[in-house]
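Please treat every number below as a calculation from the coordinates, not as lab data. Given the structure is predicted, the values throughout are model-derived calculations rather than measurements. Note that we place each Cβ from the backbone using ideal geometry, even for glycine, and neighbour counts take in every protein chain shown.
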Ligand code: LLP
């Protein structure tokens, strides 16, 4: 297979801003190219070949792009922050053994929010000392697992502290704790993914902070290592992140003045990515430079020794590395109204359009540069009218059997997938150097029956 290494001139004008250092500003994985037949390839693998080999829908993840975003964060933190710094991958964006292993190998840490994400991280080889456990309603079992394994617990509320105090007598070491508080910062993103404003279920209210810090001075089982706040997700503005630095530095000054040797300042995640051509997010370098500069300035103003700077990128680390490949099936033309093309997946593998009205970009995998002369709506196969992946988008005329590639699906797709309509979850492959590694097996319909129990009295007798 001959691969052109030139940036691919796809039919839509979304390749103009290709910037190797900022994968979050691209729409396609960094290794996207055309083969000699004009087919779309990622890491040297033709997407339609992958579809044939692994079936559809298929999540394709480009290793080079994922490693590229990891190194973009690592390098930007080293360049812009004079103290120690570490990016923790927010694994809610896409949690798997393979992604964990890659992120760990790239030297990042990880944020988990459940026993499931925590086990995946530990089994994927992430060192416990680089993991933090979040959650606004952690179970006793989740807290015990974290505390026993030496994972840092981000205390979100009084109940976390009560449960940990109960577990403490059985623990060999004091629990490493961070305190999460709501910083009272508004930002412009979908209301479901805003978390920094005061009316949020996450974290201590800022007014509670002093009381909590006071309480912890009398808890020998706890070692308060850090403070945490997160303002939201898919954010394009930089100002809220600057404002956050000041609010967090005030909290840091307070905690240290009360005798807590706080070393970590964790500013959360939130950097947006490009889903459609008109999206214009800051680059990873630009975001880190702003955040790091604001933290340094805020600490200097207050005469504080620089903390270790932690951040928790999720979407901007994995989204652009992912492409979902579907087979087009039926077509419905409603003259004068709309043409529906239906694919063999939909809201169960990508619930973002129906949940947040999110927009995506797609091409035909084998004719990515053909003139996009039709306006179509790409629908999923679920029994729900709102199961639409792309509304009124331009595509070349497509027929049943054509393979559709949807870009920037690496974050919050697999991790938010469901079995609605008892549809099995897709397989996932990691592509690199012309090779695809299966990293998630395709669910089978029988798998969905594994946890069903039919009581004996309901079994039919004849
Ligand atoms: N840290 C904390 C505490 C978080 O709650 C989140 C995201 C992150 C970090 C990572 O944020 P990111 O860098 O990915 O923006 N399901 C939604 C997104 C929910 C985000 C939840 N928290 C979506 O599909 O847009």
### Task
Using only Cα atoms, locate the centre of the stretch 346-366 and the centre of the stretch 157-188, then give the distance between them in Å, rounded to an integer.
36 Å
### Task
Please give the calculated 222 nm ellipticity per residue for the chain, where each DSSP H segment of at least 4 residues contributes -39500 (n - 2.57) and the sum is spread over every residue; nearest 500 deg cm²/dmol?
-8000 deg cm²/dmol
### Task
List the residues of the stretch 328-365 whose backbone N lies under 18 Å from a point placed 7 Å from the Cα of residue 53 along the Cα-to-Cβ direction.
365
### Query
Taking the simple approach of a point 7 Å from Cα along Cα-to-Cβ for both residue 276 and residue 444, what is their distance in nm?
4.0 nm
### Task
With a point put 7 Å past each Cα toward its Cβ, work out how far residue 139 is from residue 105 in nm, to one decimal.
3.3 nm
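Roughly what % of DSSP beta bridges within the chain run antiparallel, to the nearest 5?
Bridges in the chain are about 50 percent antiparallel.
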#### Entry: Alpha-carbon Debye profile of the chain, log10 I(q)/I(0) at 0.10, 0.13 Å⁻¹
-0.75, -1.15
### Query
To the nearest Å, what is the center-to-center distance of the stretch 41-118 and the stretch 199-271, using C-alpha atoms only?
27 Å
### Task
May I have the pair-distance distribution P(r) for the stretch 340-442, computed from all Cα-Cα distances with 5 Å bins from 0 and rounded to whole percent?
2, 12, 21, 23, 20, 14, 6, 1, 0
### Query
Of all DSSP beta bridges in the stretch 64-317, what percent run antiparallel (nearest 5)?
5 percent
